[in-house]
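So the structure is just underneath, and the comments pick up after that.
Laboratory data are not the source of any read-out in this text; all were calculated from the coordinates shown. Just so you know, these numbers come straight off a predicted model, no measurement behind them. When we count neighbours, we look across all protein chains shown, and the Cβ atoms used for this are built from the backbone with ideal geometry, even at glycine.
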Amino acid sequence: MPNYTLLLRQGRLLHPDGRIETVDIALDGNRIAAIAPHLDLSAPEVLDLENQLVSPPFVESHIHLDSAMTVGQPRFNQSGTLFEGIEIWRERKQDLTLEDVKERAIATLKQQAMQGVLMVRTHADVSEASLTALQGLLDARDAVKDWITVQVVAFPQDGLYGSPQNERLMAEALSRGADVVGGIPHYELTREDGVRSVHRIFELAEQYDRLIDIHCDEIDDDQARFLEVMVACAIRSGMGSRVTASHTTAFGSYNNAYAGKLLGFLRRTEMNFVCNPLINITLQGRTDTYPKRRGLTRVKELWQQGVNVSLGHDCVCDPWYPLGTGNMLDVASMLLHVAQMTGTAEMDACYNMTTWHGAKTLHLEDQYGIEVGKPANLIVLDAGDRFDAIRRRATVRHVISQGKVLASTDAPKSHWYGS
């Protein structure tokens, strides 16, 4: 007889295709042991879910935990631009310590986990000789591994070739244990350096057996076309499913003829895309008068073509974005609005981009999902379905991580005293 450790009664289980069924779920340690409409079982801990929505946890596909919670340090970004944010961060990172980075990262991860996020990909700036940001996030990753999965991207914020030391620092970061190779080709000193950086990133990924996640074409310039370089490298290397293009905001400014050609090539790659709606709509289009561009990649078109798209918060209270709590339903809601994805299938897709699609981006599908034998990671939302969850920014009532209740939150109650 299995030794069930936690029994979840009568939750409305959400499936990837949108089906919902009322079930009991039994956990045996850190694994899902049984799922059925009714389980005649007992366990030392029983949680009555009261027909609330049960979902796999949210996945944060793109965040910068090394800069989280530094807004206003040493000053605020008054222009609201990407480039002023980079300059402010360049000043702030001179004062980084391992304790500073680790403490802010863990505090942010706790905030995310309380809201149902149990998988996170964070970028770590590796442009400083001390690699303090990287080591602080590696330490944080190891400290929280019992309750949240964290991937660390070695990200050369100032460009892989922006300084003579940066290529060496990237290799050292990968040797220290960074999970993913990052880049920022549109911020390299020249177009040629940008192309060279993409090729070098693919070489390093093969050498160190790592995933790839590149900040690509995060600019309003319709001539920023490093995405096509990534596509070519993905096709030639066969690494497509291990490759992620983040931001790609210039994609939204390309002429339709070129964008259509690129979409055709993308179908051959199995590449992943990450959109960061909150930060993209905030940073991009700053130099436009009117009409102002939305600053987003072509999410709807990518989704329609079957390309895997997931979502990120990107920034929480830092030089680029002064707001944010890490709530992925905020991110999904913003995407729904600015990408004009208000059809029923489109709104459901926005939710999936914070869940199943994110797990695919992080290359963790085998560890994700509410199925017998899978790790016991799930969340319970005060919602009826995906649409309801996004519309009301539903409270995550319970967070189950590795078979244990990690966090619980009471749903707010309102009282009407009028006539």
In nm, spacing of pseudo-spin labels at Ala232 and Glu203 (7 Å Cα→C-beta vector): 1.6 nm
Quick check: pseudo-label points 7 Å beyond the Cα along Cα→Cβ at Gln78 and Asn30, how many nm apart are they? 5.0 nm
Restricting to bridges with both residues inside the chain, how much of the DSSP beta-bridge set is antiparallel, in percent to the nearest 5? 40 percent
Distance between Cα centroids, the range 127-192 to the range 1-55: provide it in whole Å. 39 Å
If you take the beta carbon distance between Ser408 and Ala107 as r and set R0 to 25 Å, what does 1/(1 + (r/R0)^6) give as a FRET efficiency, to the nearest 0.05? 0.85
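Using the Cβ atoms and a cut-off under 14 Å, what net charge is assigned to the surroundings of Asp146, where Lys and Arg are +1 and Asp and Glu are -1?
Details: positive: Lys110, Arg141, Lys145, Lys404; negative: Asp142.
Once positives and negatives cancel, what remains is +3.
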Final fewest-first order of Leu53, Leu47 on the 10 Å Cβ neighbour count is Leu47, Leu53
Taking neighbour counts of Cβ atoms within 10 Å as a proxy for exposure, in what order, fewest first, do Leu39, Leu266 appear? Leu39, Leu266
What is the sum of charges around Tyr208, taking Lys and Arg as +1, Asp and Glu as -1, for the other residues whose C-beta is under 15 Å from the C-beta of Tyr208? -2
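Using Cα-Cα distances under 8 Å and only pairs 6 or more residues apart, what relative contact order does the chain have, in percent? Each step should come with its number before you reach the end.
Values: 940 pairs, mean separation 81.1, N = 419.
Answer for the chain is 19 percent.
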Along its principal axes, what span do the Cα atoms of the range 73-230 show, with the longest given first and each in whole Å? 42, 41, 30
Grab the DSSP H runs of the chain that are 4 residues or longer, score each as -39,500 (n - 2.57), total them, divide by all residues and round the 222 nm result to the nearest 500 deg cm²/dmol. -10000 deg cm²/dmol
Which pairs, out of Lys145/Lys374; Lys102/Lys404; Lys300/Lys360; Lys360/Lys413; Lys110/Lys374, put more than 29 Å between their alpha-carbon atoms? Lys360/Lys413
Can you work out D for the range 187-342 in µm² s⁻¹ from Stokes-Einstein, where Rh is the Kirkwood radius over C-alpha pairs, the temperature is 4 °C and the viscosity is 1.567 mPa s? 81 µm²/s
Enter the Cα centre distance for the pair the range 385-419 and the range 279-315, rounded to the nearest angstrom. 28 Å
Only Lys, Arg, Asp and Glu count, each charged at its Cβ (+1, +1, -1, -1), so figure out the dipole size of the chain about its Cα centre, rounded to 20 debye. 660 debye
With springs only between Cα atoms under 10 Å, which of Asp17, Asp318, Asp209 fluctuates most in a Gaussian network model of the chain? Asp17
Sum up the charges of everything whose Cβ sits under 10 Å from the Cβ of Ala133, counting Lys and Arg as +1 and Asp and Glu as -1, but leave Ala133 out. -3
The range 89-186: relative contact order as a whole-number percent, Cα under 8 Å and 6+ apart: 28 percent
Burial ordering of Phe76, Phe155, Phe226, fewest other beta-carbon atoms within 10 Å first: Phe76, Phe226, Phe155
